[in-house]
Amino acid sequence: MAKTGPKPHPPLQVVREGNPGKRPVREGAKAPPVGVDDLAEPDWLEWFPKGRRPSRPRKPPKSAGGDEHIAYQMKLRDWKIGVNAVDGANRCRQHASDEWRRVVPVLARAAGLGNVDMAVVVDYCVTVARLIECERRLSVEGLIVMGQRGECRNPLTTVATQYRTQLKAYIGELGLSPSSRGRIEPPGDDDDDGDDGFD
């Protein structure tokens, strides 16, 4: 359940800046215990399926009419889109896998990541992978592209902004920022009073 009010400061910030209100510093919430080995990496082909690279269209001869050259340009554009989609899916699979291997072991030990949290972690990894791909494409294509009415902002900037917004939410949920880490209680066996719902 979401809390109202401002986000609490990280415990280290409270120590550094002081706690004039003498409010208790929370370590965080308990999560179901699970071992790192129990958290199997998903098959990223479900999110980023393999595709077949399309074959490049044949260029019409110079003697061909203007309509053939226009049709070739349209086929060439569609070919580039297909190649970008296939190559992008391959890169996204690798980025998602790298992020999984980087974050999941840390979250399992530090925050008590459990199997019930896998959907959030998978969505986080997919979001990171797609954001990296958006930024790569923006670097290649540029921030300004030619539209139907002339120069315009690359539509990928809007996509990247939406993924950044989603990423910010996942970072808060998973405790991947200093502020959100202060709200998560690391798993441990201190003062086991039998009230834990995961016993």
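Quick notes on this one:
- Förster radius 25 Å - calculated FRET efficiency between Thr161 and Arg102 (Cβ-Cβ, nearest 0.05): 0.60
- Of His69, Cys92, Asn115, farthest towards positive along the dipole that unit charges on Lys, Arg, Asp, Glu beta carbons give region 63-115: Asn115
- Each peptide in 45-55, 102-112, 164-174 was scored by the mean count of other Cβ atoms within 10 Å over its residues; highest first, the order is 102-112, 164-174, 45-55.
- The calculated FRET efficiency for Gln94 paired with Arg53, based on their beta-carbon distance and R0 = 25 Å, is about 0.90.
- Seen from Gly51, the other residues with C-beta closer than 12 Å to its C-beta sum to a net charge of +3, counting Lys and Arg as +1 and Asp and Glu as -1.
- HN-Hα J in Hz across region 49-62 - Karplus 6.51, -1.76, 1.60, θ = phi - 60°, x for Gly and Pro: x, 6, x, 8, 5, x, 7, 5, x, 7, 6, x, x, 4
- Distance between modelled label sites at Arg137 and Ala64, nm, 7 Å Cα→Cβ extension: 2.7
- Phi to ³J(HN,Hα) by Karplus 6.51 cos²θ - 1.76 cosθ + 1.60 over region 82-91, Hz, x for Gly, Pro: x, 5, 4, 5, 5, 5, x, 5, 4, 5
- Remark: region 163-177, residue by residue, has Karplus-estimated 3J(HN,Hα) of 5, 5, 4, 5, 4, 4, 5, 5, 4, x, 5, 8, x, 9, 10 Hz, where x stands for each Gly or Pro and the curve is 6.51 cos²θ - 1.76 cosθ + 1.60 at θ = phi - 60°.
All of the numbers you see were taken from the coordinates with simple rules; none came from a lab. Since this is a predicted model, take the numbers as computed values, not measurements. As a convention, Cβ positions derive from the backbone with ideal geometry for all residues, glycine included, and neighbour counts pool all protein chains shown.
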